[in-house]
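A short reminder: the numbers here are calculations on the coordinates, not readings from a lab. Only a predicted model underlies this, so the values are computations on that prediction, with no experimental measurement involved. Here the Cβ positions follow ideal geometry from the backbone for every residue, glycine too, while neighbour counts run over all protein chains shown.
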Amino acid sequence: MASPTLATPYSDQISLGYSWHINNWLGLNIEAASVRYRDIPFRFRANLCVDANHNNVCEPDLSEQNRFPDFGSFRIWYGKGEAKYNGLNIGCRARRSDLEFQGFYTYSKAEGNVLAGADEFRLTPGEYQADVGGTRLRRDQLVNALDPGASENFGPLYTDARHRFTIGALYHAPWGILVSGMYRYRSPLPYTNHANTDLNGDGTILDLPPGVEHVNAKRGFSFSQFDLRPAKEFLFGNGMGFELIAEVFNLFNAKNPARPDRFGHATAYAGDPLQGEQRLAQLGVRVSF
Ligand SMILES: [Ca+2]
Ligand SMILES: [Ca+2]
């Protein structure tokens, strides 16, 4: 079913940046951005049980029926998905004879009612939280399906990390050795502490327990990874030579738990599909001729 609210999605963006060359080897830039996304389509299950006797239990045996009793569980494509992003980014570049350095830090907030991300159309992405899909009693459910604009349906998007930090450096060490490294960090992503049982008698189990005010109110796990790559080139003249390369991914072997369930227990770790690396070292030779 399609709702008459469907419209072409759009976004308004405003950003302001400043770039500053402090001296001939150091530069800074700072940028603030604010984006509003509107008319994002998403679908949700709309044919809920009507708890006629108000005991917060859906009782088909007592002839409590769905709102549209002639139909089974159907989904509505609805057009009033929205999100907003506010971010502040500070970047730094440094370049000296033997060292190049680049780093940035971002403070940001991304909130909305289409939790998979502002350019996605799903409410319950199982790749971010282990137990929001799996059954139609949770999948594509709005926490409050009777009022898609209600505050409990809004929360931080699953991709919303408050802090992100990345630095990369390239060092020309003695004996012609080139060492490069990169460190990445982001603060924990949100998840929904849902009840997994029908608390309000509407037949769905993606309900918020008492005291939980909105979706994605909890935070799971941070992520960090440090990669290091020393290399040395041997040249024989005539354009011939070879380069020895060692690469270590996730040098400190950060476990990086991910994909929590509603209790905040991780179900995925570094090295699993779509996660960062486990510690991994490899040696390589590149021959040029
Ligand atoms: Ca009832
Ligand atoms: Ca329910």
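Residues of region 46-69 that are outside any loop (DSSP other than H, G, I, E, B) and either more than 14 Å from ligand 2 (Cβ to nearest atom) or in contact with a His (Cβ under 8 Å, 6 or more places away or on another chain) (or both): PRO60, ASP61, LEU62.
Residue by residue, here is whether (1) basic (Lys, Arg); (2) more than 16 Å from ligand 2 (Cβ to nearest atom) holds:
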site	(1), (2)
TRP175	no, yes
ARG186	yes, yes
ASN193	no, no
GLY220	no, yes
LEU235	no, yes
PHE242	no, yes
PHE249	no, yes
PRO260	no, yes
GLY264	no, yes
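Residue by residue, here is whether (1) touching a Gly at 6+ places or on another chain (Cβ under 7 Å); (2) not aliphatic (A, V, I, L, M) holds:
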{"site": "TYR128", "(1), (2)": "no, yes"}
{"site": "LEU137", "(1), (2)": "no, no"}
{"site": "GLN141", "(1), (2)": "no, yes"}
{"site": "ALA150", "(1), (2)": "no, no"}
{"site": "ILE167", "(1), (2)": "yes, no"}
{"site": "HIS172", "(1), (2)": "no, yes"}
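Could you say whether any residue in region 14-29 is surrounded by 15 or more Cβ atoms within 10 Å (Cβ to Cβ), within 16 Å of ligand 1 (Cβ to nearest atom) and either over 33 Å from the mean Cα position of the chain (by Cα) or not aliphatic (A, V, I, L, M) (or both)? So far as region 14-29 goes, no, none of its residues is surrounded by 15 or more Cβ atoms within 10 Å (Cβ to Cβ), within 16 Å of ligand 1 (Cβ to nearest atom) and either over 33 Å from the mean Cα position of the chain (by Cα) or not aliphatic (A, V, I, L, M) (or both). Search region 1-13 for residues being small (Gly, Ala, Ser) and either surrounded by fewer than 11 Cβ atoms within 10 Å (Cβ to Cβ) or within 17 Å of ALA83 (Cα to Cα) (or both), and hand back the single one that is nearest to the chain's Cα centre (by Cα). In this case the residue turns out to be SER11.
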